[in-house]
1. For the chain, report the accessible area per residue in Å² (1.4 Å probe, heavy atoms, rounded to an integer).
2. Name the long-range amide H neighbours of residue 44: under 5 Å, sequence gap of 5 or more, or other chain; modelled H, no Pro or chain starts.
3. Could you check which residue among 310, 130, 185 shows the biggest mean-square fluctuation in a GNM of the chain with a 10 Å Cα cutoff?
4. Once you have the Cα-Cα distance between residue 86 and residue 233, take 0.36 nm times their residue separation minus that, and quote the gain in nm to one decimal.
5. Just to be sure I understand the curve: with the Debye formula and one point per C-alpha of the stretch 194-329, what is log10 I(q)/I(0) at q = 0.09, 0.14, 0.20 Å⁻¹?
6. I'd like to know how the stretch 276-329 sits against the 2.2 N^0.38 Å rule of thumb: what's its Cα Rg over that expected value?
7. Which entry is the computed Rg and Dmax of the Cα atoms in Å for this structure: (i) 21.4, 73; (ii) 20.3, 65; (iii) 22.7, 68?
8. Can you check what the net charge comes to around residue 228, using other residues whose Cβ is under 14 Å from the Cβ of residue 228 (Lys, Arg +1; Asp, Glu -1)?
Amino acid sequence: MSQPVLQELPVGTRVQDTLIVLDVEARGGDTPHTIVTFGNAAGRLPSAPVWASESHRIAGLTRGNVVHVVGTITTYRDRRQLAISSIRPLRREETDWRGLLPTVGDVGRYWCAVDRWRDQIRGPRLARTLGLFYDDPGFRERYQQCPAGTSGHHAQLGGLLKHTWEVAHIAGEISRLCPNADPDLVLAGALLHDVGKLEAYRWDGPFETTVAGSALGHVVLGLLLVDRQVRGASPMPCTEAELLLLQHLILSHHGKLEYGAPVLPMTLEAEIVHYADEASAKTASFDLALQDPENFPGGREISARAIWQLDRRRAWRAHSDWGRDRPDT
């Protein structure tokens, strides 16, 4: 059954739906109130303020609860919100709660491409090293479920695999233009650069960062995971010098120290992986911003405000068919 795109529902729409609670935020000040953020696979929407006099309606409500909500879409400062009429918690085992989480859908085509690219690797030691991960059914099961983030680009079940596929595809095309780059090493960097996200995120409910993800971050966790897997194999599938190359690709893929890279890219392959990662993430973020009606109230062409996902830039819903719809003009 299709789920409503919450942030696109017209003002005045009556909502009677099963949703998942993404956040419960108590706010103080002169007028204490609580904002509950609801979500489904198609989007998310905050509630209208639940004032202290109405707090009994949401008593005991916590992040991750699945609830049946009745309410009406209203607006405040050009942003939609859900005025709650009633809310009833549901038992998780009685609901398809995973169906309420955003997803990329069927991941088969991503796996087909990744495995095809791996089959073309010429270096047997590199192929064996990647096989420690990508030949492991348990790794593949987790990897095809993990989101690439808790919010923003590719924050979906399967988002990490889709993002990895995009990075590998983009990086592969760049490496073809650089005859001095090692395309196999570029592919390895694309496939390993974000493996730490398996330990940095949880997806057994609303996406969230683990303790390890907060304390170390996915870049360091990825380094540790690769180091542990490679050194735990007997014999090691690659040399110490080759392991160092892979570790550098992981540590440098954010490109800049201020963006969370412990070191800057120092090899041509690391530079390619960084910009491929940047291209996948930035274009996905821009597409999300363009699709969000809250950024374009009233159907305006230029976003009403600077958008944080776009480094505080405004977005332009520019369009022309260039005569495609009228070939005779």
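1. Values: 17240 Å² over 329 residues.
For the chain, the solvent-accessible area averages 52 Å² per residue.
2. Amide H neighbours of residue 44, under 5 Å, 5+ apart: 6, 7.
3. 310
4. Numbers: separation 147, 0.36 × 147 = 52.92 nm, distance 5.59 nm.
So the chain would gain 47.3 nm between residue 86 and residue 233.
5. Values, matching the q order: -0.44, -0.83, -1.20.
6. Values: Rg = 14.0 Å, N = 54, 2.2 N^0.38 = 10.0 Å.
Relative to the rule-of-thumb radius for its length, the stretch 276-329 sits at 1.39.
7. Comparing each candidate, only (iii) matches the computed number.
8. Numbers: positive: 231; negative: 136, 199, 227.
Taking every Cβ under 14 Å from that of residue 228, the sum is -2.
The values are calculated or read from the model by the stated rules, or taken from the named source; none is laboratory data. Everything quoted here is computed from the prediction, not taken from an experiment. Ideal geometry is used to build each Cβ from the backbone, glycine not excepted, and the neighbour counts take in all protein chains shown. The accessibility values were calculated without ligands, DNA or RNA, using every heavy atom of the protein model including side chains. Shrake-Rupley method; radii C 1.70, N 1.55, O 1.52, S 1.80 Å.
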